[in-house]
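Colleague: Please read through the structure below; I'll follow up with questions.
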Amino acid sequence: MLYLQWKKTSKLIRKGLILFLLFSISLGSRAQRVLHQEEHDLKPYYFGITLGVNSAKFKTHLDPYFLNQDSIMVAEPTNAGGFALGLLATLRLNERFEFRFNPQLMFTERNLLYKLNPAHPGDLDMGHQVIKKVESVITTFPFHLKFRSDRIGNFRVYILGGGKFDIDLASNAKARRADDMVRIQRFDYGIEAGMGFNFYFPSFILSPEIKFSNGLGNLHDRNEALKYSRVLEGIQSRMIMFTIHLEG
């Protein structure tokens, strides 16, 4: 089942990438006749807004206790989606490089799938499988260094990389709501990398972007008293983001 879910998610990601590239190529082919916003490249800084969707999951590390028990047979992460809204501030360093700050409010969900041992009927009140949903409202503060290509008419390509710092505003609420949940730490940090395209229009710049985010901190607030928590040693965040920036 996990293989089928991952296969389905991989197909969706591939389709999204193909649509993303086709959309970018289509816009680029239409926007070459009249040169828009020639003075924009000379601005020392500029601002914008961000709209995005994401596919998120956890990367889990099993605790040695997992091998010494027979109640939970499988503990695996699964993918889930979300969306984000944010602001954008960009500082021009030189012709090629820019520094970008992109704070966002993200609404996302990351799930954990547990398969229980049928030989333990007392554990099967919810069936042979249990999905623990970890719903998060994240305030993220990413800092990126952008490298820009030459401008070709009203089109430009860029790549970026940097770091982020996250605050999960819903982490404490989840901890209070139930004792049988997998608890997540409030703070996280990580690295990000991606690429995007700038399309120059008369009054704004449209910038579709794809970005990969890997959390480096251990998010798991492990509790020996909780059976779904004690089989996990560490949890890290993973996310793929499709974003549209509108810049001025």
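Colleague: Pick from the range 78-94 the residues that are polar (S, T, N, Q) and part of a strand (DSSP E or B): which of them is modelled with the highest pLDDT?
Modeller: Ranking the qualifying residues of the range 78-94, first place goes to THR90.
Each row is one residue, and each column tells you yes or no for (1) touching a residue at least 24 places away in the same chain (Cβ under 8 Å); (2) of a type in the set (A, V, I, L, M, F, W, C); (3) surrounded by fewer than 16 Cβ atoms within 10 Å (Cβ to Cβ); (4) under 30 Å from PHE147 (Cβ atoms).
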| site | (1), (2), (3), (4) |
| --- | --- |
| ILE72 | yes, yes, no, no |
| GLU76 | yes, no, no, no |
| LEU87 | yes, yes, yes, yes |
| THR90 | yes, no, no, yes |
| ARG96 | yes, no, yes, yes |
| ASN102 | yes, no, no, yes |
| LEU105 | yes, yes, yes, yes |
| TYR114 | yes, no, no, no |
| ASN117 | yes, no, yes, no |
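Colleague: Got at least one residue in the range 33-47 being at pLDDT 90 or above, of a type outside the set (A, V, I, L, M, F, W, C) and part of a strand (DSSP E or B)?
Modeller: Yes, some residue in the range 33-47 is at pLDDT 90 or above, of a type outside the set (A, V, I, L, M, F, W, C) and part of a strand (DSSP E or B).
Colleague: Looking at the range 189-248, which of its residues are touching an Asp or Glu at 6+ places or on another chain (Cβ under 8 Å) and among the aromatic types (Phe, Trp, Tyr)?
Modeller: Of everything in the range 189-248, those that are touching an Asp or Glu at 6+ places or on another chain (Cβ under 8 Å) and among the aromatic types (Phe, Trp, Tyr) turn out to be TYR189, PHE197, PHE204, PHE212, TYR228, PHE242.
Colleague: Turning to a different aspect of this structure: Within the range 42-65, work out how many residues are surrounded by fewer than 18 Cβ atoms within 10 Å (Cβ to Cβ) and under 18 Å from GLY234 (Cα atoms).
Modeller: Of the residues in that region, 5 qualify.
Colleague: Only one of GLY196, GLY161 is of a type outside the set (Val, Ile, Thr), under 21 Å from GLU95 (Cα atoms), surrounded by fewer than 20 Cβ atoms within 10 Å (Cβ to Cβ) and in contact (Cβ under 8 Å) with a residue 12 or more places away in the chain; which?
Modeller: GLY161
Colleague: Also, I was wondering about something else. Just one of the numbered conditions (1) assigned to a strand (DSSP E or B); (2) aliphatic (A, V, I, L, M); (3) farther than 16 Å from VAL53 by Cβ is not true of LEU105; which one?
Modeller: (3)
Colleague: Something else: Of all residues in the range 228-246, which are touching a Ser or Thr at 6+ places or on another chain (Cβ under 8 Å), farther than 23 Å from PHE165 by Cβ and surrounded by 17 or more Cβ atoms within 10 Å (Cβ to Cβ)?
Modeller: Listed by number, the list holds a single entry, LEU232.
The values are calculated or read from the model by the stated rules, or taken from the named source; none is laboratory data. No experiment lies behind these values; they were computed from the predicted model shown. Cβ atoms come from the backbone with ideal geometry, glycine included; neighbour counts cover every protein chain shown.
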